[in-house]
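Asks: Got a structure here, written out as structure tokens. Questions coming.
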Amino acid sequence: MFEIRKAVITGGSSGIGMEVVNLLLQDGCEVFSLSRTVHPRENFNSQGTLHQIACDITDESSLDDAFSRIGELTDSFDVLFSNAGFGISGSVSDTPKEQIVRMFDVHVFAAMETVRKSIPFLARSKGRIILTSSIAAVVSLPYQSYYSAVKASLNTLALALNTELKHNGIRAIAIMPGDTATGFTAKREKGTCDSPDVAERYHRSIARMERDEQTGASAKTVARKLLRITRKRAPKPLYGIGFFYRFVLVLFKILPVRLTNWAAGLLYG
Ligand SMILES: NC(=O)c1ccc[n+]([C@@H]2O[C@H](COP(=O)([O-])OP(=O)(O)OC[C@H]3O[C@@H](n4cnc5c(N)ncnc54)[C@H](OP(=O)(O)O)[C@@H]3O)[C@@H](O)[C@H]2O)c1
């Protein structure tokens with residue numbers, strides 16, 4: 001089993017990330033949590049050592065400062081959990097470019113910058129990079145196309161990183177949770193989609209997605225599974241979480257793409 005003693009996490013202030021932080025603290029780990037929000041220490045599990053560092057990962061100087069602070073406290077850590085994220089919805093044609101850029105910035109560019117800054121620390125521990133992807137990386141979601149696109153990018157990057165960093169002894173793993181009940185749903189930036197030919201389908205689709213998320217797995221369950229994968233002795237580069245979603249991934253691999261894309265459209269189109 002791979003042992004975690006020290007970890008860095010982005011997006012540890014709520015949802016899945018906060019549960020990962022709490023489970024690590026419960027195990028006595030030292031955790032560096034990077035997010036824009038900093039909570040009172042008593043909001044977290046009382047064991048372990050927690051360093052909350054206020055950081056907007058998309059802001060270069062903020063991320064530099066955060067890693068300088070980490071560097072003052074340690075010269076290595078075992079895992080980077082690159083987990084920060086947010087959702088947007090809207091039709092491909094109606095989504096403003098500014099929002100698309102922000103989506104790619106948080107999920108891909110800032111995530112990779114965090115990875116780059118973590119490599120020297122992880123090389124010393126022969127550590128792991130865990131990228132929180134999503135089942136939406138494989139099941140491309142209508143009206144959440146840009147979210148699907150950033151998560152698909154993370155899967156691709158995990159595969160390449162895994163090969164490139166093998167000589168440093170670092171493993172990169174993209175983990176794809178399915179619907180999870182967190183504050184992510186309420187925080188989603190929703191487009192208006194007013195054009196009459198799209199509006200009804202869009203609103204029906206988003207209502208269904210929101211219902212599925214809010215009746216989905218708990219953040220704690222997902223965090224537990226995510227940590228179980230992180231600790232595997234010989235992990236694969238890509239994982240789904242939960243029996244149902246792993247079954248969906250198998251179907252999407254073996255069935256014709258015309259059929260799987262039709263099925264995704266039937267549910268959310
Ligand atoms: N919920 C789901 O159904 C679901 C399913 C599959 C995958 N995921 C993925 O799981 C990850 C965690 O989501 P969640 O459901 O736990 O949502 P959440 O509760 O909204 O948590 C999102 C976290 O990301 C942080 N964050 C966002 N932008 C940031 C920025 N610019 N700089 C630093 N931190 C930032 C937030 O912290 P601050 O706001 O304090 O900065 C927060 O801690 C995301 O990558 C999401 O895409 C979620």
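Asks: Need pairs with beta-carbon distance below 9 Å; first residue acidic (D, E) and within region 15-38, second assigned to a helix (DSSP H, G or I) and away from the ligand (no atom under 13 Å from the Cβ); sequence gap 6+ or separate chains.
Replies: Once the first residue is acidic (D, E) and sits in region 15-38, its partners that are assigned to a helix (DSSP H, G or I) and away from the ligand (no atom under 13 Å from the Cβ) give E19/R224; D27/L227; E30/L24; E30/L73.
Asks: Right, next: Might you check whether a residue that is within 28 Å of R258 (Cα to Cα) and of a type in the set (A, V, I, L, M) occurs anywhere in region 176-189? Before the answer, list the steps.
Replies: Let us first name the residues in region 176-189 that are within 28 Å of R258 (Cα to Cα), namely 176-180.
Subset that is of a type in the set (A, V, I, L, M): 176.
So far as region 176-189 goes, yes, one or more of its residues are within 28 Å of R258 (Cα to Cα) and of a type in the set (A, V, I, L, M).
Asks: While we're looking at this one, here's another question. Looking at region 54-68, which of its residues are crowded, with 19+ Cβ neighbours inside 10 Å and over 17 Å from the mean Cα position of the chain (by Cα)?
Replies: Within region 54-68, L63, A66, F67 qualify.
Asks: Another question, if that's okay. From G216, G191, grab the single residue that is more than 21 Å from the chain's Cα centre (by Cα) and not aromatic (F, W, Y).
Replies: On the way: G216 fails: more than 21 Å from the chain's Cα centre (by Cα).
Of G216, G191, the one residue that is more than 21 Å from the chain's Cα centre (by Cα) and not aromatic (F, W, Y) is G191.
Asks: Still on this structure: Being surrounded by fewer than 17 Cβ atoms within 10 Å (Cβ to Cβ) and either of a type in the set (K, R) or within 11 Å of the ligand (Cβ to nearest atom) (or both) is the filter here; which residues of region 168-183 pass it?
Replies: If the condition is that a residue be surrounded by fewer than 17 Cβ atoms within 10 Å (Cβ to Cβ) and either of a type in the set (K, R) or within 11 Å of the ligand (Cβ to nearest atom) (or both), then G183 is the only one that fits.
Asks: Please determine whether any residue of region 31-52 is away from the ligand (no atom under 14 Å from the Cβ) and among the hydroxyl-bearing types (S, T, Y).
Replies: Yes, the conditions are met somewhere in region 31-52.
Asks: Taking P120 as meeting all but one of (1) modelled with pLDDT of 95 or more; (2) in contact with a Leu (Cβ under 8 Å, 6 or more places away or on another chain), write down the number of the exception.
Replies: (2)
To keep it simple, each residue is scored yes or no on (1) of a type in the set (A, V, I, L, M, F, W, C); (2) surrounded by fewer than 20 Cβ atoms within 10 Å (Cβ to Cβ); (3) not in a helix (DSSP H, G or I).
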{"position": "E98", "(1), (2), (3)": "no, yes, no"}
{"position": "D105", "(1), (2), (3)": "no, yes, no"}
{"position": "E113", "(1), (2), (3)": "no, yes, no"}
{"position": "I119", "(1), (2), (3)": "yes, yes, no"}
{"position": "S153", "(1), (2), (3)": "no, no, no"}
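Asks: Shifting gears a bit: Restricting to region 105-142, name every residue that is among the aromatic types (F, W, Y) and within 15 Å of the ligand (Cβ to nearest atom).
Replies: If we filter region 105-142 for residues that are among the aromatic types (F, W, Y), which is where we start, we get 109, 121.
F109, the sole residue that qualifies.
Asks: Right, S133: free of Cβ contacts under 8 Å to residues at least 24 places away in the same chain and under 21 Å from G15 (Cα atoms) or not? Write out each step before concluding.
Replies: Values: free of Cβ contacts under 8 Å to residues at least 24 places away in the same chain: no; under 21 Å from G15 (Cα atoms): yes.
Criteria not met by S133.
Asks: Charged (D, E, K, R), touching a Cys at 6+ places or on another chain (Cβ under 7 Å) and either near the ligand (Cβ under 9 Å from one of its atoms) or over 27 Å from N162 (Cβ atoms) (or both): is that true of D94 in this structure? Let's see the steps before the verdict.
Replies: Working: charged (D, E, K, R): yes; touching a Cys at 6+ places or on another chain (Cβ under 7 Å): yes; either near the ligand (Cβ under 9 Å from one of its atoms) or over 27 Å from N162 (Cβ atoms) (or both): yes.
The answer is yes for D94.
Asks: Something else about it: Could we say that S91 is under 24 Å from L122 (Cβ atoms), in a loop (DSSP other than H, G, I, E, B) and touching a residue at least 60 places away in the same chain (Cβ under 8 Å) here? Quick ask: steps written out before the conclusion?
Replies: Values: under 24 Å from L122 (Cβ atoms): no; in a loop (DSSP other than H, G, I, E, B): yes; touching a residue at least 60 places away in the same chain (Cβ under 8 Å): yes.
Considered against the rule, which asks whether it is under 24 Å from L122 (Cβ atoms), in a loop (DSSP other than H, G, I, E, B) and touching a residue at least 60 places away in the same chain (Cβ under 8 Å), S91 comes out as no.
Asks: Return yes when D56 is in a loop (DSSP other than H, G, I, E, B), more than 27 Å from G169 (Cα to Cα), modelled with pLDDT of 95 or more and charged (D, E, K, R) and no when it is not.
Replies: Working: in a loop (DSSP other than H, G, I, E, B): yes; more than 27 Å from G169 (Cα to Cα): yes; modelled with pLDDT of 95 or more: yes; charged (D, E, K, R): yes.
Yes; evaluated as a whole, the condition is true for this residue.
Asks: Applying the selection to region 1-27, what residues are part of a loop (DSSP other than H, G, I, E, B), more than 8 Å from the ligand (Cβ to nearest atom) and more than 21 Å from R69 (Cα to Cα)?
Replies: Going residue by residue through region 1-27, those that are part of a loop (DSSP other than H, G, I, E, B) are 1-5, 11-14, 27.
This time we only want the ones that are more than 8 Å from the ligand (Cβ to nearest atom), so: 1-5, 27.
The answer is M1, F2, E3, D27.
Asks: Go through region 184-240 and tell me which helices (runs of 4 or more DSSP H), entirely inside it, have 1 or more residues that are crowded, with 17+ Cβ neighbours inside 10 Å, of a type in the set (S, T, N, Q) and out of contact with any Phe, Trp or Tyr (no Cβ under 7 Å at 6 or more places or on another chain). Steps first, please.
Replies: Numbers: elements: 184-187, 196-214, 219-230.
Correct list: 184-187, 219-230.
The values are calculated or read from the model by the stated rules, or taken from the named source; none is laboratory data. Just so it is clear, the structure is predicted and the values come from calculations on it, not from any experiment. Cβ: placed from backbone, ideal geometry, glycine included. Neighbour counts: every protein chain shown.
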